[in-house]
Each structure stands twice: as structure tokens, then as C-alpha cells.
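Q: Next up is a structure, given as C-alpha cells.
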Ligand SMILES: Cc1ncc(COP(=O)(O)O)c(C=O)c1O
Ligand SMILES: Cc1ncc(COP(=O)(O)O)c(C=O)c1O
Ligand code: FES
Ligand code: FES
């Protein structure tokens, strides 16, 4: 069902946890299945210095959360905003069709976290 | 499906053929399946001295024809008239339910042959 | 005496390779293909592979194959599904079939009559062939479904499916063919035939009983026959018969490899049997002389009833079948032979020999030697025969 | 590491004796039971024997058993058949079922709504039990069918079928029970239960996939689901899945012999698992504590999603299932757990362990050792858990 890459991220998820005093936090629920994800980021000079996630969700949700944090860590927030759920799925070698919706969770939570950061910066 | 007795009569049918110058001949078709049987009898002193059959029909039809001729040979025509299709089936150790109608053929042909004999005798 | 099985049209022995594949599946891959865990994933993989094998033998893609419990279910699913589905869409309620279909098709159509459908039954010629012009005459604007078999199970006659399907589809009807007897024996390609729906069954091609499939062309909508889990893309719920399906896949692979050589070999036997037995007096060939399945011989021996003939053959170790009364609980003579114009009595005396993998030249010899004496014996018993 | 299969509610490994019986059937008795010849008669004999074995395990007589392609088909045949049949007789068009039925029952009832039937779905209590008073309230003069399962597949709760059936039949309705999960595991006697129709499936009792049966009490008329040959007394046409049916018969015989001892052994394991895992914080037992199948453990681990739990268990070699989203292509949490009053999130984190013949005391130990660390890991990942 899942690619090896998915299983590898699921078994050893990167960047699990919560950043205390984060620059921004995003929490979203998945409209299709009710699963939930929370991402917290620490931003310095427009760069995502640190990022952590917590996910209540299926294997695909956890793997996409993990790979998503890896993909944007060290990137600028503008680059991070360009991350699509397709890109997340591609980074994992693809997802089963019934699981594509799961990849929305990570991308959306990240976007929310960035929006939260911007709001806090009064930049929005 | 068939008892050993049925198969034995089917494999070695008794009294096959036609009596030349018979005292009576009965030929009937089976209403359920269209199969056909012809019985000819030779009667002397009210006793069925000889009896022969020809049957176009299934295994049960041939076996019941055979056993029926055996059962009545040497009997009086009154005794022969008492022969039922159930008795014919019983003599074969039973027939499958779907094959009970086949035993009608023999009993009916016999009754017809006797009726034919009686008619010829002007007794009817 | 080694028995001679010549009733492959009824069912076939399971190929040893098929048995092996099924045993391996039961022993090692017993999981439920819907399960998330390793056992389930392993089962799913086998399911996918088998689907690809079956699809490949009919030139379809795997997602167009829905596994069923056999040919009968595939026929019913196709006919009820398409007819009810088309009516729901307001396309009409007229169905066309032929007089020589298997009961799974004919009786499904009859049941649809009770739901208000109108059914036209196309006649056949004396060889059992449906004529394209008959379909042309029968097609109407409200015809939603045409179902005509590829090869007949009793007499082996092959229908001009390509022409029939083209015509039906041009008039907006869904076209189904029951290919239970042809699949795996002669080339069956859904695209060449141009059909929307095609039924097949594993136990006719050395696969297991209780498995079949329905090919469903892209875009064809069927109302399901039954409801439940999400198996077979919700078109056919229930835990998949995995060992059976794996066996079907294996049987399809073997058929694909051996079909051509086997068809040539069996055509030779068929022709020897037909030519040899036709030398007896009062014998009639049923079905087309050449446009017939390589496996099928069907002859009527006048003055003889079919079941008796089968029993006599059975006593000689020959397993055959008949379109006669009695063979399957029904007392009516074969509707196929009657539709071809045979009289009741002659239809009654038909013998079907269907060849298969296990048959040899010696089997043919044995039958050619055995049948004449049996026919003679039964004719001597027959009130219809004035020898 | 030897994998631990604890998903017997999904499907069971095929018993070696069953495999053997099936192989023998395929190798030696491949005939079509409808055939007149020796091959056919041999097949017919095996068919009759298997029917007697299956009938015996439910206290029925052989002619009351109709073989199907599985539990799903049996459920659909019962529900569509009885509902349509009763309506044809003008008895009404109201059906009653329960909120915790298998989809084969629920979705068949829903499809009947489209045919104009009215369906009442009885609620269950927090243990998943249907109350007799609820049925009493729901029954109407035009109720034609009541269908309530014997034991639930997700939580194992056993329903008071005897009382429910008595009540329904007193009001003139046909009573069907889906006994797919109970048959062969706890005593199932059609006369004691007093049901008109009962569904069972072979692959839940170490028999093959793709075979099941429907018990039909004398005098109960069903409209068939499909049409064709005269097999199964015309109630279920199609060449019989003989090897599968023989396997079902064998599985029934084995179950009959071993049921009681096995139920006692597995009840012990079940209770060890329940008691052991309930010691973890934030765990809830789903289903009745004692009035449940010996094989069934169902727990909700708060703050955890089911598929992740299954995948983690799978990585440790444990095969289990979940009433969660994702398990079978559906994203909705278990309708059974929701009907029992669980919240969406808690329903999402349920784990079903279903015990069976291959499980040992060591498997129970292994699971009791493994689950706590997995639960801890997943909770550490969960945004809902404030550990
Ligand atoms: C032409 C045809 N259609 C349908 C069927 C039914 O297939 P099954 O026995 O697999 O249900 C058969 C064989 O019995 C057949 O010969
Ligand atoms: C309660 C219940 N009913 C019906 C079914 C369907 O049975 P089958 O998979 O044999 O179609 C199942 C199992 O899947 C079940 O657990
Ligand atoms: S199913 Fe909910 S995130 Fe995958
Ligand atoms: S079927 Fe005609 S006599 Fe038996």
C-alpha cells in the first residue's frame, strides 16, 4: 500500500514535538477524515530555523508531516509557502489515491503556521 | 442418482422386444417429458404368458419398463391391473423424486395393452 | 479401463499448476485483501496479479475486470445491472437476446420482463447462428441492452459478435456477451469484439469452480446486484475468493500460452469424431460444421433418448452430456436444439462430446469404437426404430 | 520474529485438513454435480455430504441450506429475497434492522429504500446491544422483515436473538440473523434461536474464502437474487463451488468437534488481553464485557488514530484491525462505535484483536508487552495528548 519512503518516515518521523515559544503555530483538521495536525515553527531572518509537528492521523498523515518538516527546514518562508501537497506526496514516492487527501494536512498546517507567524509580526 | 437395482435393469433389460400377433398392445407417451413406451402382451386363460416392451426414454423409463414386465409375467390380468407406478418404483429400490413420473410410463402402457386385449376380446 | 472424460463443456479438471497455486495461497497468503497488515498486503498483491492475468487474456486492463462467483453471477450482474441502470437513466426498457443463450442469460431476461422490460428473443438458423439482419430488425430507440453469447455451450456455434456489437452500440444499446465457453479456448479480445460487457468463468478453463469475472468497459454503469463492503470497487462486495481468483489467474496464464496449439489439436479430434460418427445411419450434426468451438461435438442419434445414451456411455467409462431431458432436473428437451428447428424427439437424442486437455488420440479411437454398438443396442430398445 | 495473527474476525487461515479435502476434491472429484455420469455423481455425493455437515452445525436439515459465495451474498439473498417476496404477497414494505449491522445488511436495506421500502434502524446501548423493547416499539403491521445480527463483527457483542425473533415472528415478520461471526464459534442452533433465515461464511471458521450459506426455514419464500441453472433448488443458480463447499463442510465438522474447548481457551486469552490492556491510562473497552464472542477484544486508546496503531503493530509483526478510518477505503470512523455513543476521535483510535486457533499464551504475552510502548510512542506524536 505505502511506499518504503512513507514507511520509513512513519517509523522514524523527523521533527516530532512542539517548539516552546514558537514564532508561529498552525493546527488544522482534515475535512475528509477528521484527523488533526499541529506544526510549530521558529523563524529567524525569514528563515525557518526550526520546525516541529504533532499529528493525530493515519500513516500517510504522519509520514507527510515528517517529510514536510524536512523539506522546509532551513528554507525561507516564501519558499515554504510554495510547498504543495503534491510536492509532499512526490517526496515520499507517491501516495495511494485514497490517501492523497492526507497530504493536505501537512501543507495546510504549515501555511497556517506561517500565517500565524506573519500575523504575530503584524505583517499581514 | 439411481439405485443399483435400477442400473442393473437398465444394463440388462428383461423382455425387450415385440410379440408378433400379440393379444394386446399398449403405447403411451409420457405427458411430462414426451418419452414413449410400447408393451405387447400375450394372454392365455387370463394369464399374461408373455410380455415384451420397447422404450424410448431415460434410464428410469427403461428400468421401470423392464421390472414391470418381470412383475406381471405369469400373473392374471386382474393382478396385473392392480400394478401401480409406486409398486414398480419400489421394486427398483426407489427412484429419485424427479424421476417418479417415469414410472407412470410402464404402468400406463401395461394398462393400455390390457385394455387393448379386452377390447379385442369384445369384453369391454 | 481408464475413464474418458469428454464433458469439458460442463466443467474441466483443475490444472495441477492451478491446484498448486491455490494451495500456496491458502497456506501462505490467507489474509484478507482489505486488511492493512502484512497478511492483507500480501493477499492484495496476489489479487492484483491475478486480475492482470485474467485481463490480459481478453485484452482488457485490470481495472475493467470484476471478479464474481462464476459465469452465472457475471451474466446476471451484466444483465440486471445494465438494464436497470439504463432504465434509471431514462434510456428505455427494451432488451434483445437470442434463443440459444444459456439459462443464466435467458432466465435473467425473463425475470426482467416481470420488472416491466420488454424482451425480444432473436431466432437462429439451423446451425444455431444469429443473423445480423435479425438484430437490425429488432433494434429500437428504446433498446437498452443486447446480450448475445460468443460461443454456444451446447452446439459450439460461434456468433458474429463483432458485427452484432457494432450495430447495437451504434443504436445506443449496451452490448453484453456471455463468453463462458469461448474464453481461453479461442481468441477473445474485448476491443476487437467491441463489447461493453463480457462474462467468463474459471472452471471451464481448468480453473476452480466458483470463480468468474465480468469485463466492464470504461464508462459503462451497472446497478449492483448486491451491497456490502467496498471490494471490487463496490461493484461486487464480499471478501474476495482469493485462492479461487489466484487459480483463475493461473488458469488464464496457462490458457494464454497453450491456446493455439490446443485448439489445433482438439479441432483434429473434433473432426475425427464428427466424421467418424456421421458414418452411422440416422445421425445429424448439430451446430455449424466449421464455425464452431474446437472442443465441441454435438450429434443427434435418431430414435434414441439422451439420458439412456449417457448412462450406457458411462457404463463404458465415457463421460459425456446431452441436451436431453433429465440431464439437469429439467424434462424439456434442449431449448437450443428446438430453436435450431429440431423436432422434440430428435432433440431428445442428442449427445455432446466436449474435448479437453486430458484427451488423447486413443480416447477418440475408443469412442469411435464404442458408440456404434451402444447406438445399436438402444435402437433395438426403441419403439420408434424400425430397423 | 514469528508474526502474531490476531485478525481472525477479518479472515482465518485455512485449516490444513480443509486444504487437504479441497485438494482431494479438485484432484479426484472435479465433476459437475449436475452431470449424469460417474464424475458428476461423485461430485453430487460430496456436495450432499458437505451440506449435511454444515446443516448439522446449526441444527438444520440439509435441504434447508443453500450454498452461496459468502456471507455478503447470503445476507443480500435473505434481505432482498424476503423483502421483495413479502411485498409481492402484499404483506407490506417495512423493514427493521439495527445500527450495528455489517454493511452487507445495512447497505442492502438502504438499497431497498430506493425500491420504496421503509427502514427502521434500531439503536443500541453503550455495549452495542439491541433492546427487545426497541424492537417492540418499532414493529408495525406492515413490517415484513427484521434483520439483526447474532454477534457483532467489530465489538463481539451478542444479541438476544431468541427474544427478538420470537417477537418479530409473532407479528408476522420474517426474521433474519447474520451469524457470520458467531457460527462455528459459539453454539448456533436455528431452532433454538427460532430464526427464519441465517447467514454464515466459511472463511471465518478456517474454511475457504468465497463460500457461505443461507439457512432457509421450511415455508419461507424468497425472490432469488439471480437466475440460471437449477442448482441449489433454483434459489442460487451457477455451477457449485464444489471444492469450496467441501472445504466449508470440513471446517464445520472441525468446528463442531473443537468449539467448546476452543471457546474456553480463547475466552481466557481474551480476558487476559482486556484486563492487561485496560491497565494503561485512557483506554476504553468497546462492547459488552462478558456477553461477547470469546474471540473478540476491542479497545479504544484515546488520542491515537487507528491506522497508525495498526501500522506500528504490523512493524512488530502483529496483525490486527481497527474500526478506524482508512482500514477499508472508507474514511468514516466505525458506524458501530459511533452507534454505541463514542465520539469521532475515540472511535478513530479503536483496536480490534480477534483470537483464533493459531494463537498461544505467548502471543498474548507478546501483545501485552508490545502495545504499551506503541501507545506511548503514538501519544507522544499526538497533538491531542497532553501527557
Ligand atoms: C454459456 C454459459 N454461460 C454461463 C454458464 C454458467 O457459468 P457458471 O457455471 O460458472 O455459473 C455456463 C456454464 O455452466 C455456460 O456454458
Ligand atoms: C457480521 C458479518 N457479516 C457479513 C460478512 C461478510 O461475509 P463475506 O466476507 O463472507 O462476504 C462479514 C465478514 O466480512 C461479517 O463479519
Ligand atoms: S485518513 Fe486522515 S489523514 Fe489520512
Ligand atoms: S424423463 Fe421421460 S421417462 Fe424419464
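Taken together, the values in this text are just the output of simple stated rules run on the coordinates, not laboratory data. Quick caveat, the model's predicted, so the values are computed rather than measured. When we count neighbours, we look across all protein chains shown, and the Cβ atoms used for this are built from the backbone with ideal geometry, even at glycine.
Q: Of all beta bridges DSSP finds with both residues in the protein assembly as shown, what is the antiparallel percent, to the nearest 5?
A: Percentage antiparallel, nearest 5: 65.
Q: Output, in nm with one decimal and in ascending order, the distances from the residue D:131 label point to the matching label points of the other copies (7 Å from Cα along Cα-to-Cβ).
A: From this label point to the equivalent ones elsewhere in the assembly: 7.3 nm.
Q: Can you tell me the equivalent ellipsoid semi-axes for region C:239-362? Use √(5λ) from the Cα gyration tensor, largest first, whole Å.
A: So the equivalent ellipsoid measures 29, 19, 14 Å along its semi-axes.
Q: Could I ask something else about it? Sorted by packing (mean other beta-carbon atoms within 10 Å per residue), highest first, where do D:31-41, D:229-239 land?
A: Listed from highest to lowest mean packing, they are D:31-41, D:229-239.
Q: Have a look at the DSSP beta bridges in region B:4-118 and tell me what percent are antiparallel, nearest 5.
A: Close to 95 percent.
Q: Can you tell me the order of B:91-104, A:61-74 when each peptide is scored by its average per-residue count of other Cβ atoms within 10 angstrom, highest first?
A: Top to bottom by mean Cβ count within 10 Å: A:61-74, B:91-104.
Q: A further question follows. Once you wrap a convex hull around the alpha carbon atoms of region C:11-141, what is its projected area averaged over all directions, in nm²?
A: Numbers: hull surface 46.4 nm².
Mean shadow area of the hull around the Cα atoms is 11.6 nm².
Q: Okay, next question. At 0.36 nm per residue, minus the direct Cα-Cα distance, what do residue C:230 and residue C:362 gain on full extension? Give it in nm, one decimal, please.
A: In short, 42.5 nm is gained.
Q: Right, next: At 222 nm, what helix-only mean residue ellipticity would the protein assembly as shown give, in deg cm²/dmol to the nearest 500, using -39500 (n - 2.57) for each DSSP H run of four or more?
A: -13000 deg cm²/dmol
Q: Sticking with this one: Ordered shortest first, which distances in nm separate the 7 Å Cα→C-beta label point of residue A:119 from those of the other copies?
A: Once sorted, the set of distances for residue A:119 reads 10.7 nm.
Q: I would also like to ask the following. Could you tell me how far the Cα centroid of region D:25-39 sits from the Cα centroid of region C:43-105, in Å?
A: Between the Cα centre of region C:43-105 and that of region D:25-39, the gap is 27 Å.
Q: Is chain D best put as rounded, prolate or oblate by its Cα gyration tensor, with a ≥ b ≥ c the root eigenvalues, rounded for a/c under 1.5, and otherwise prolate when a/b is larger than b/c, oblate when not?
A: Oblate, since a/c reaches 1.5 and b/c is not below a/b.
Q: What is the mean number of Cβ atoms from other protein chains located within 10 Å of the Cβ atom of each residue in peptide C:38-45, rounded to a whole number?
A: On the way: counts 7, 8, 10, 3, 0, 2, 1, 1.
Mean inter-chain Cβ contacts per residue within 10 Å come to 4.
Q: Could you calculate the FRET efficiency of residue A:44 with residue D:20 from 1/(1 + (r/R0)^6), where r is the beta carbon distance between them and R0 is 51 Å, rounded to 0.05?
A: The value I calculate is 0.15.
Q: Return the FRET efficiency for the residue pair residue D:166, residue B:12: r is the Cβ-Cβ distance, R0 is 35 Å, and the value is rounded to the nearest 0.05.
A: Working: r = 58 Å, r/R0 = 1.65.
Here the calculated transfer efficiency is 0.05.
Q: I would also like to ask the following. If you wrap region B:4-118's Cα atoms in a convex hull and average its projection over all directions, what's the area in nm²? Numbers along the way, then the final one.
A: Numbers: hull surface 24.4 nm².
Averaged projected hull area, Cα only: 6.1 nm².
Q: Using a 10 Å cut-off on Cβ to Cβ distances, tally the other chain neighbours for every residue of D:98-106 and report the average as a whole number.
A: 2
Q: Another question, then. Please work out the Cα convex hull volume for the protein assembly as shown and give it in Å³ per residue.
A: Enclosed volume per residue, from the Cα hull, is 186 Å³.
Q: Could you tell me how far the Cα centroid of region C:208-284 sits from the Cα centroid of region D:244-261, in Å?
A: Each part reduced to its Cα centre gives a spacing of 31 Å.
Q: If you don't mind, another one. Shape of region A:8-48 from its Cα gyration tensor (a ≥ b ≥ c, root eigenvalues): rounded if a/c is under 1.5, otherwise prolate when a/b > b/c, or oblate?
A: The shape class here is oblate.
Q: Then there is this: For region D:172-230, build the convex hull from the C-alpha positions and give me its volume per residue in Å³.
A: Hull volume normalised by residue count: 109 Å³.
Q: Okay, moving on. Nm distances between the label at residue C:332 and the same-position labels in the remaining copies, 7 Å along Cα→Cβ, shortest first?
A: Distances between equivalent label points, in nm: 4.4.
Q: How long are the semi-axes of the equivalent ellipsoid of region C:204-303, taking √(5λ) for every eigenvalue λ of the Cα gyration tensor, in whole Å from largest down?
A: Each semi-axis is the square root of five times an eigenvalue, giving 39, 18, 13 Å.
Q: Using alpha-carbon positions, what is the distance between the centroids of region C:153-183 and region A:39-82, in Å?
A: Distance between centres, Cα-based: 58 Å.
Q: Right, another one. Return the average number of partner chain Cβ atoms within 10 angstrom of each residue Cβ along peptide C:304-316.
A: Whole-number average of other-chain Cβ neighbours for C:304-316 is 6.
Q: Just to verify a number: FRET efficiency for residue C:332 and residue C:41, C-beta to C-beta distance, R0 = 41 Å, to 0.05?
A: So the FRET efficiency works out to roughly 0.20.
Q: What residue in chain D has the Cβ closest to the axis turning D into C, and how close is it in whole Å?
A: Nearest-to-axis residue on chain D, with distance in whole Å, is D:69, 2.
Q: Only bridges with both residues in chain C count here: give the DSSP antiparallel percent, nearest 5.
A: Of all bridge pairs located within chain C, approximately 50 percent are antiparallel.
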